[in-house]
Ligand code: PSU
Ligand code: MN
């Protein structure tokens, strides 16, 4: 795979403008609950482009050993594109920012075990604290959990697959992913392929607006109406609030928000590569059935998303997997280029 393509640098004044900004923040240092790997710490310190990667997709998405293969692959996507990967999760009750291959294997192998949890913001104190009471948990961090830990470590860019959202029927269940509130309160930029249409996409965008989250979709030369993407499908029927053309623009937005000390996050939506995308109509009936089964089985709360995702995989006969892989690779590559461009602006 070639090192990422060069991007024409449109306007030099962008770089001049930035000098004024670098308000630096104290990052959380290692303690009994929080450990940044040496490689990631050095990279942050020397302002190299670092990309955060989540782990719920490994502990509650893909089975072992597919999950460790994907984890290793995504780290290599960051590296070949000139970045340093920081895979984030919880091992033995300690938040890890950056993991060695052995640590990644240990976490991914523990997928499905009773003490391997899906961890969002609310869970971090619980799993880390109970280590002191002799209970050892592993966990995959969701986008919310990963954003929070990335922010504490000083990482600003995060590449992932699909964002959680407002669930259909949330007007009575109140099931709204903590990913959305985290984006409202934590200044990390997330590159994802939007969210799956088992969620209520119009309400998800409404909620993000309420939370003050900037949402931009990569237009890649498309003119006019650009949809916010629906994971495997490039279209959702819902217009993206704003569009951007390339990674330089994404980096400029991040840099401006940081310089303005706006403390909410940003969402950059990258539609699934066209050659791997599944048309919206083809997915709609599978998704309807997956939701029906989730309702029937009573999978709610934190179990709802993993349940629906596994049903979709089953009902699509695995057809959704190549698209899943293509889009996450594309998102992680784009996140790395954004992190590189941000490093240029911050230099
Ligand atoms: N949506 C996907 N794939 C995923 C997830 C969501 O298409 O893997 C995972 C992510 O880790 C996300 C989490 O942060 O599920 C959201 O879960 P919940 O809806 O319970 O907040
Ligand atoms: Mn939920």
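Quick note: the coordinates plus some simple rules give every number you see, no bench work behind them. Quick caveat: nothing in here was measured; it's all calculated off a predicted structure. Neighbour counts run over all protein chains shown; Cβ positions are idealised from the backbone, glycine included.
How high is the relative contact order of the stretch 248-347, given as a whole-number percent (alpha carbon pairs under 8 Å, six or more residues apart)?
Over the stretch 248-347, the number comes to 48 percent.
Under the 0.36 nm per residue contour assumption, what length would be gained going from the current alpha-carbon distance of residue 106 and residue 220 to full extension?
Full-extension gain reported as 37.2 nm.
Just report the Cα centroid separation between the stretch 46-125 and the stretch 233-290, whole Å.
The stretch 46-125 and the stretch 233-290 have Cα centres spaced 23 Å from each other.
Would you calculate a helix-derived [θ] at 222 nm for the chain, using -39,500 (n - 2.57) for each DSSP H run of n ≥ 4 and dividing by the full residue count, to the nearest 500?
-13000 deg cm²/dmol
For a test of the definition: using alpha carbon positions, the gyration tensor, and the 1.5 limit on a/c, classify the stretch 246-333 as rounded, prolate or oblate.
Oblate.
What is the spin-label model distance, in nm, from residue 314 to residue 173 if the labels are put 7 Å beyond Cα along the C-beta direction?
Between residue 314 and residue 173, the label points sit 1.6 nm apart.
Report the convex hull volume per residue for the stretch 180-305, counting only C-alpha atoms, in Å³.
Measuring per residue, one finds 110 Å³ for the Cα hull of the stretch 180-305.
Given a 10 angstrom Cα cut-off, can you work out which residue in 245, 67, 258 is the most mobile in a GNM of the chain?
Among 245, 67, 258, the largest GNM mean-square fluctuation belongs to 245.
State, to one decimal in nm, how far the label point of residue 79 lies from the label point of residue 344, with both points 7 Å from Cα in the Cβ direction.
Placing both labels 7 Å along Cα→Cβ, they lie 2.5 nm apart.
Quick check: pseudo-label points 7 Å beyond the Cα along Cα→Cβ at residue 276 and residue 293, how many nm apart are they?
Rounded to a tenth, the inter-label distance reads 2.3 nm.
For the chain, with a Gaussian network of springs between Cα atoms less than 10 Å apart, report the residue from 169, 83, 184 with the top mean-square fluctuation.
169
With a/c under 1.5 counting as rounded, go ahead and sort the stretch 119-201 into rounded, prolate or oblate using the C-alpha gyration tensor (a ≥ b ≥ c being the square roots of the eigenvalues; past the cut-off, prolate if a/b is larger than b/c, else oblate).
In terms of gyration-tensor shape, oblate.
Have a look at 221, 164, 112 and tell me which one the Gaussian network model of the chain (Cα, springs below 10 Å) gives the largest fluctuation.
Looking only at 221, 164, 112, the biggest GNM fluctuation is shown by 221.
If the chain between residue 47 and residue 115 were fully stretched, how many nm would it gain, using 0.36 nm times the residue separation less the Cα-Cα distance?
20.9 nm
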